[in-house]
Amino acid sequence: MALPLNGVKILDLSRLLPGAFCSQLFADLGADVVKVEDVGAGDYIRWMSPCYEGSEGSEGSDGSARSALFLAVNRNKRSIRLDLKSESGRDALLALVRDADVLLESFRPGVLERLGLGYDVLSAVNERIIYCAITGYGLDGPNIARAGHDINYLALSGLLGLTGERDGPPISAAGQIADVGGGALMAVAGILAALRERDGTSSALGSGQGQVVDVSMFDGALSWLALPAAECLCKGDPPRRGEFLLTGGAACYRPYRCADGWVAFGAAEEKFWSAWCEGVGRPNLCSAQHAQVGSAEHREIEAIFAGRTRAQWQEFADEFDCCLEPVLDVDEALESELVSARGMVIELDQPDMNGPVRVIGPPFKLSRTPADPHRRPAPAIGAHTREVLAAAGYEDGVIDELIASGAAVEAPLAPTGRGPE
């Protein structure tokens, strides 16, 4: 079956989560994604969170990919290992660029330029190439050279400062909001927009030219604050931690402790709040929808929630439609009927694991051309070096020379260092 992105070729030079999540979404939709890994450790995520006891986070002698984190975001891809610090390795990458649609990278700004592989060089080889850089703070600005991770981008964007109780510390979300929401998903949107502009058939599109897609995880995280930022920018009244409605600042929209855990109450609309009040037999609380946390009305609501179990509140929500759900631990969520019905946990064949592995499935559902997460297992490091170089026009003898010189690596090796920083 044809997939929506069949024929799109992506060179993924990124590491860790943001770039890998981005390129996996493309791969599930049919794009040919080649991971370009260095001749040292490759993608660091290979060595994190081993899937089986005793693996010590390293690959097997066969070069298998046994990291749970790696398997989660690298299906449907091929892997090639190149030494981009060598002339032959750089030439090999440029050979791949000639036939590629997208180059995705997540180095600090300027790294590829210093290696002689900046956008100007790539576009001279292929004017159609779309160059997407996922960085912490963007390709310009005062923080261009600054290191960071998800928590740092959330801190500087104000998102972390808004999350948590009024008198408590900022609370980090379990999901990587800046990495995935601000980085990977923004990169997907930017790349698709650039592909559409390059290849479109309307009078305003179809330029045939590639361009740079500059994705800052800080920018992306900041964009998630559209609503609280609007209050600040339009009213001049910045919301503070524990005060904004959507971060638990009102009685109607916050988690509550119940008899055996927690429930999440999201009755932002009056009809849902009224349904809850009527369901618990407390019509006197209808006026307390936006009661402040810590008020007498809020304490009364807390006491009501504490009197029932999660299961009882779930039954209550089945009867009274009021945006009320149990707070599940991740294992409970993964085994839930909802996850099963939506096909959000899937089994993938992974030969080097001696059986299938369970991972999160594609988050989008297309009616005619659904994503296919089963086309390829997550690749062993360098497993496709010879195959990819041959497809780029290299003859067997030349590939042998590249491998002999160390500019390319075919056989998996133990990690010996880190590539370009």
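The values are calculated or read from the model by the stated rules, or taken from the named source; none is laboratory data. Only a predicted model underlies this, so the values are computations on that prediction, with no experimental measurement involved. Note that each Cβ is placed from the backbone with ideal geometry, even for glycine, and that neighbours are counted across all protein chains shown. Ligands, DNA and RNA are stripped out before the accessible areas are found, and what is left, the full protein with its side chains, is counted by its heavy atoms. Shrake-Rupley method; radii C 1.70, N 1.55, O 1.52, S 1.80 Å.
Rounded to the nearest 500 deg cm²/dmol, what is the calculated helix-only ellipticity per residue at 222 nm for the chain, with -39500 (n - 2.57) per DSSP H run of length n ≥ 4? Walk me through the numbers before you get to the answer.
Details: 16 runs with 139 residues, N = 421.
Using -39500 (n - 2.57) per qualifying helix, the result is -9000 deg cm²/dmol.
Ratio of segment 292-389's C-alpha Rg to 2.2 N^0.38 Å, to two decimals?
Cα-based Rg divided by the globular estimate yields 1.75.
Ordering Asp167, Asp214 by accessible area with a probe of 1.4 Å, largest first, what comes out? Could the numbers behind the result be given before it?
Details: Asp167 150, Asp214 75 Å².
The ordering from most to least exposed comes out as Asp167, Asp214.
Please list, or write none, the aspartates and glutamates whose alpha carbon is within less than 13 Å of the alpha carbon of Lys85, excluding same-chain residues fewer than 8 places away.
Within the straight-line cut-off, Lys85 pairs with Glu37, Asp38, Glu113, Glu421.
In a GNM of the chain with a 10 Å cut-off on Cα contacts, which of Ala124, Ala221, Ala178 has the highest mean-square fluctuation?
Residue with maximal mean-square fluctuation among Ala124, Ala221, Ala178: Ala124.
With labels modelled as points extended 7 Å from the Cα through the Cβ direction, what inter-label distance (nm, one decimal) is found for Arg146 paired with Ala333?
2.9
Using a Gaussian network model of the chain whose springs link C-alpha atoms within less than 10 Å, name the residue from Ala226, Ala408, Ala371 with the highest mean-square fluctuation.
Of Ala226, Ala408, Ala371, the Gaussian network model singles out Ala226 as fluctuating most.
How much length, in nm to one decimal, is gained on full extension between Ser207 and His290, taken as 0.36 nm per residue of separation minus their Cα-Cα distance?
24.7 nm
Summarise the long-distance tail of P(r) for the chain by giving the % of C-alpha pairs beyond 36 Å.
Values: 32813 of 88410 pairs.
Tail of the P(r) past 36 Å holds 37 percent of the pairs.
Could you compute how much accessible surface Arg98 exposes when probed at 1.4 Å, giving the result in Å² to the nearest 10?
Arg98 has an accessible surface of roughly 150 Å² with all protein chains in place.
Please work out the Cα center distance from segment 87-159 to segment 230-267, rounded to the nearest Å.
38
At a Förster distance of 22 Å, what's the computed FRET efficiency of Asp167 paired with Arg257, Cβ-Cβ distance as r, to 0.05?
Working: r = 17 Å, r/R0 = 0.78.
Computed FRET efficiency for Asp167 and Arg257: 0.80.
Calculate the spin-label point distance for Arg114 paired with Met344, positioning each point 7 Å from the Cα along the beta-carbon direction, and give it in nanometres.
The answer from the label model is 4.1 nm.
Hey, any idea what % of the chain's accessible area is carbon plus sulfur with a 1.4 Å probe?
Values: 10770 of 20370 Å².
So the carbon and sulfur contribution to the accessible surface is 53 percent.
Would you calculate the separation in nanometres between label points at Ala174 and Glu269, each defined as 7 Å from the Cα along the Cα-to-beta-carbon direction?
2.8
How do Met186, Met1 rank by accessible surface area computed with a 1.4 Å probe, from largest to smallest? Before the final figure, lay out each step's value.
Values: Met186 70, Met1 155 Å².
Largest accessible area first, the residues go Met1, Met186.
Ordering Cys322, Cys286 by how much accessible area each has at a 1.4 Å probe, largest first, what is the list?
Per-residue accessible area, sorted high to low, gives Cys286, Cys322.
Identify which of Leu246, Leu162, Leu94 has the largest mean-square fluctuation in a Gaussian network model of the chain, with springs joining Cα atoms closer than 10 Å.
In the Gaussian network model the winner is Leu246.
Note the full-extension length gain between Ser88 and Ala68 as 0.36 nm times their separation in residues minus their Cα-Cα distance, in nm to one decimal. Provide the component values of the computation, followed by the final result.
Values: separation 20, 0.36 × 20 = 7.20 nm, distance 3.31 nm.
This chain segment gains 3.9 nm when fully extended.
Residues of the chain: accessible area per residue at 1.4 Å, in Å²?
On the way: 20370 Å² over 421 residues.
I get 48 Å² per residue for this part.
From the Cα gyration tensor of segment 323-368, with a ≥ b ≥ c the square roots of its eigenvalues, which class applies: rounded if a/c is under 1.5, or else prolate if a/b is larger than b/c, or else oblate?
Numbers: a/c = 3.61, a/b = 1.47, b/c = 2.46.
In terms of gyration-tensor shape, oblate.
Suppose R0 equals 51 Å. What FRET efficiency, 1/(1 + (r/R0)^6) with r the Cβ-Cβ distance, do Ala230 and His374 give to the nearest 0.05?
Values: r = 42 Å, r/R0 = 0.83.
After rounding, the FRET efficiency stands at 0.75.
Could you calculate the FRET efficiency of Asp199 with Ala390 from 1/(1 + (r/R0)^6), where r is the beta carbon distance between them and R0 is 35 Å, rounded to 0.05?
Details: r = 27 Å, r/R0 = 0.77.
With R0 = 35 Å, the Cβ-Cβ based efficiency is 0.85.
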